[in-house]
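To keep things clear, I will list the structure first and then write my remarks on it.
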Amino acid sequence: MSTEEKHLSDIKALNEGSHGKPVGYNDFAGLLVTQKGPILEILLNRPEAANSLTGEMEVGIHEIFREAGDDDSVKVVVVRGAGKTFSAGHDLKEVADWFVESDGQAQILRLQGVPALRRPWYFNKPVVAGVQGYVGPMALIYLSMFDFIIAAEGTRFSWEQARRGGVLPLSTLMFRLPMGVYKKLTMMGGWFDADKAERLDLVQKVVPEGQLEDEVWRWAKELAKIPTAQHVAMKRKIHRQYELMGLLSMLEPVHPGGHGTEEDFEFYRALKEEGMAAALKMRDDDFDIDLAQIT
Amino acid sequence: MSTEEKHLSDIKALNEGSHGKPVGYNDFAGLLVTQKGPILEILLNRPEAANSLTGEMEVGIHEIFREAGDDDSVKVVVVRGAGKTFSAGHDLKEVADWFVESDGQAQILRLQGVPALRRPWYFNKPVVAGVQGYVGPMALIYLSMFDFIIAAEGTRFSWEQARRGGVLPLSTLMFRLPMGVYKKLTMMGGWFDADKAERLDLVQKVVPEGQLEDEVWRWAKELAKIPTAQHVAMKRKIHRQYELMGLLSMLEPVHPGGHGTEEDFEFYRALKEEGMAAALKMRDDDFDIDLAQIT
Amino acid sequence: MSTEEKHLSDIKALNEGSHGKPVGYNDFAGLLVTQKGPILEILLNRPEAANSLTGEMEVGIHEIFREAGDDDSVKVVVVRGAGKTFSAGHDLKEVADWFVESDGQAQILRLQGVPALRRPWYFNKPVVAGVQGYVGPMALIYLSMFDFIIAAEGTRFSWEQARRGGVLPLSTLMFRLPMGVYKKLTMMGGWFDADKAERLDLVQKVVPEGQLEDEVWRWAKELAKIPTAQHVAMKRKIHRQYELMGLLSMLEPVHPGGHGTEEDFEFYRALKEEGMAAALKMRDDDFDIDLAQIT
């Protein structure tokens, strides 16, 4: 087996296998998991912090999807966020701790067994997400791996963090967006609203926020009627195509010496020392905010 | 030559070569072929069965495109369907016979020399299709290989068959649709109308049904004025790009042990024993039909 | 190193390296380069010839981007065209000279060190183009490599030259357009307007012509505020993905024996002997011009 083949094989084992020890669906702080019949709901449940993703939540998502992949009672997974915001993305306070401590080289999650290509991509049953309010960078990367996305009117999909740098792990986001949109998002600190997301076919349906819950469950129930074998076959086919296109070879892409910029480092230090408001002011004040929207 | 290279070489020879014995354009039941100057028209001609594709018709399409590739008098191919429907897709009655007889393992067409990646993909001159009424799964796969598609208003492009499973051979369809659309189509049993197909740039123009014939011929005549060498060069370039992206390596994708689900098998048995209406009722009754449209 | 690896390595060295000798930004006729702070503007400056691209201009673009890649004082490049037209594409009179002299085999630019995959693709800092009037074939290939494109209302993006043939070097254009649009453009001699370009997310914004200059500089100034390290990382990531998808292996694609058709040759001979008006009349007269627009 060549080095490249070994590398691919390791990633696939990490993602596809059922080699882990069983976990309880509710072993992870910040996540609330419930099952109704064949539908497993994962609720991002830190509304007091805009459901921003801690390391523990990322490990939890990884383990829950692994477990659910092997659990024959689960036919569909729903992902929702408690409160007014789906998820702000990474928990920047936690990232700030890692980042400043590691002098900008933080890759802590990888050491905890969370692959750069997050596990939901290799989950072989349908995932339906319902999103509202705000979807920050890491949350948008997760969304790009889900199969069906319903958005509340007015939801904002953002990568404004790129103004300082912005860690971009291996993802499938590039394949979900036209190049012009992807570049404005990640190179210019852009964002787009739910209507644009629907025109891009990233989001399949936009509904008033009051109807979001019902609509997500309507889709999930419909999907649960389809043979799981069909879902598995179709998703494997899609995975195979993206592997052929080199997806897995992107794992260690192009950030020699860690993936932070000096400006990232400043941002995270300000966040630690002066708080979030000061850090965001440093990030945004100099920018022409009207220009950031991707229309 | 490595196994992989041999594999690719075999597929390309099957598709590109002029190794077959000559066939008459009208040797195949269900297809009517006529030539007007440099334009060859292939008419799907089983309107009494919604132009559903029998094995003989698929072999015919394969052979006719092979022959037309070598026929210097042909500069453009037009594909049309007689009557109110372009094509319902596979002839499900015939598939039912094969499927039930083979205990769900039917791959009869391959044994007849029809490659999983249907030949029109490697036809190096322009193909213009005019579609109306309904385009079922296998017909949609063919469309994804054609260069220009004109649709009558109200045409429905459907993969509702995915509700039971649904055989998906190697195809270029994934490359013609955003991932969100492709997933709703094939994982949720979706369909879209002609207006959506035009917004997706899958269909180049939508016209009232009464103008379909004229519009298709208008495009074909225009294309016949362009040097064939330009068409050949451009199509080869596109083929090469998709080969590099792994298209041919998808040939035996990801359905170990045949590509049917148990639910497929039930459907086809019901079709044989109780008829089409009963089979479709089994397929559709439990579903929330309003949710299937891809908007 | 295998032959394939050597090939890729050569192309990348040609594009990425800083191996050339220094050039002055204004050493090339037809290009006017000015720098304002961190923004370098390249002006196509042959308005009397619709800014059509001569060999010297192509070499200049190659060298200027190479130089600017190594020039730490440059954070963003702006590309504009003087006068009413961004660029008609290749200078057809010059191509006619080469083409007729070389009996249709002209690949002069390559011999001058301009790679088929033009350098701006591998420029690792942002490029903002402002376009107006008309964008002809080779100019459209350059655009497909730029990151941000602002268009004046009414701009026409054209490949009508395909009516005679039309040399298509290795490009990233295929990745910026849906297959149906790409085929109508290059196989049928199509064109689209600025509104369609915006719907395709090829163009990020359409503005009245009087606002084009201001808008381009507004974007460039905004981009100059972002850390260059972020731009470099994101662009390398994107380059890597397209290399994995085989982009570089397209270098010598599929035009055995040169890339001209006989009809190309006739066109260029007419252009030399009878002038542009006669050549264009030969190219266009027989065609149904209304059909060429991609809507």
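A few remarks follow.
- Partners for B:Lys93 among lysines (Cα-Cα distance below 22 Å; same-chain residues under 8 apart left out): B:Lys84, B:Lys272, B:Lys281
- Spacing of the modelled spin labels on A:Glu101 and B:Val100, each 7 Å from Cα toward Cβ, amounts to 6.6 nm.
- Ellipsoid fit via the Cα gyration tensor, chain C: semi-axes of 29, 23, 19 Å, each the root of five times an eigenvalue, largest first.
- Other residues whose C-beta falls under 12 angstrom from the C-beta of A:Thr54 contribute a net charge of -3, scoring Lys and Arg +1 and Asp and Glu -1.
- Counting only DSSP beta bridges with both residues in the protein assembly as shown, the antiparallel share comes to about 30 percent.
- Dipole of the protein assembly as shown, positive direction: furthest Cα of B:Gly246, C:Val77, B:Leu92, with charges on the beta-carbon: B:Gly246
- For the protein assembly as shown, a crude dipole built from +1 on the beta carbon of Lys and Arg and -1 on the beta carbon of Asp and Glu, taken about the Cα centre, is about 280 debye to the nearest 20.
- FRET efficiency, A:Met276 to C:Glu243 (Cβ-Cβ, R0 30 Å, nearest 0.05): 0.20
- Averaged over peptide B:209-219, the number of partner chain Cβ atoms lying within 10 Å of each residue's Cβ comes to 1.
- Charged-residue dipole, Cβ positions (Lys, Arg, Asp, Glu), chain A about Cα centre, Debye nearest 20: 1100 debye
- Sequence-separation-based contact order of chain B, relative, with Cα cut under 8 Å and 6+ spacing, percent: 19 percent
- Dipole in debye (nearest 20) - the stretch C:41-196, about Cα centre, beta carbon charges: Lys, Arg +1; Asp, Glu -1: 620 debye
- The other copies place their C:Gln35 label points at 6.4, 6.4 nm from this one, listed shortest first, where each point is 7 Å from Cα along Cα→Cβ.
- Beta carbon of chain B nearest to the axis of the rotation taking B to A, residue and angstrom distance: B:Met245, 3
- Each copy carries B:Trp98; placing its label point 7 Å along the C-beta direction from Cα gives inter-copy distances of 5.1, 5.1 nm, listed from smallest up.
- Linear extension gain, C:Asn26 paired with C:Glu213, 0.36 nm per residue minus alpha-carbon span: 65.2 nm
- Gaussian network model of chain C, springs between alpha carbon atoms under 10 Å - residue of C:Lys272, C:Lys125, C:Lys225 with greatest fluctuation: C:Lys225
- Label spacing, shortest first and in nm, from B:Lys225 to its equivalents in the remaining copies (7 angstrom along Cα→Cβ): 5.1, 5.1
- Among B:Met57, B:Gly113, B:Thr228 - extreme Cα towards positive end, dipole of chain B, charges at beta-carbon: B:Thr228
- Cα-based shape type of the stretch C:97-216, given that a ≥ b ≥ c are square roots of the gyration tensor eigenvalues and the cut on a/c is 1.5: prolate
- Straightening the chain between A:Gln35 and A:Lys225 buys 66.8 nm, computed as 0.36 nm per residue apart minus the Cα-Cα spacing.
- The overall shape of the protein assembly as shown is oblate: from the C-alpha gyration tensor, with semi-axes ordered a ≥ b ≥ c, the ratio a/c is 1.5 or greater and a/b is no larger than b/c.
- C:Ile289/B:Gln293 FRET efficiency (R0 51 Å; Cβ-Cβ; nearest 0.05): 0.90
- For the residues of B:189-197, the average number of beta carbons from a partner chain within 10 Å of their own beta carbon is 1.
- For peptides C:205-214, B:285-294, sequence by mean Cβ density within 10 Å, most packed first: C:205-214, B:285-294
- Within the straight-line cut-off of under 19 Å between alpha carbons, the lysines reachable from C:Lys184 are B:Lys75, B:Lys125, B:Lys196, B:Lys205, B:Lys221, B:Lys225, B:Lys235, B:Lys237, C:Lys196, sequence neighbours fewer than 8 places apart in one chain being disregarded.
The numbers here are math on the coordinates, done by the rules we state, and not lab data. Predicted, not measured: the structure shown is a model, and the values here were computed from it. Here the Cβ is made from the backbone with ideal geometry for all residues, glycine too, and neighbour counts use every protein chain on show.
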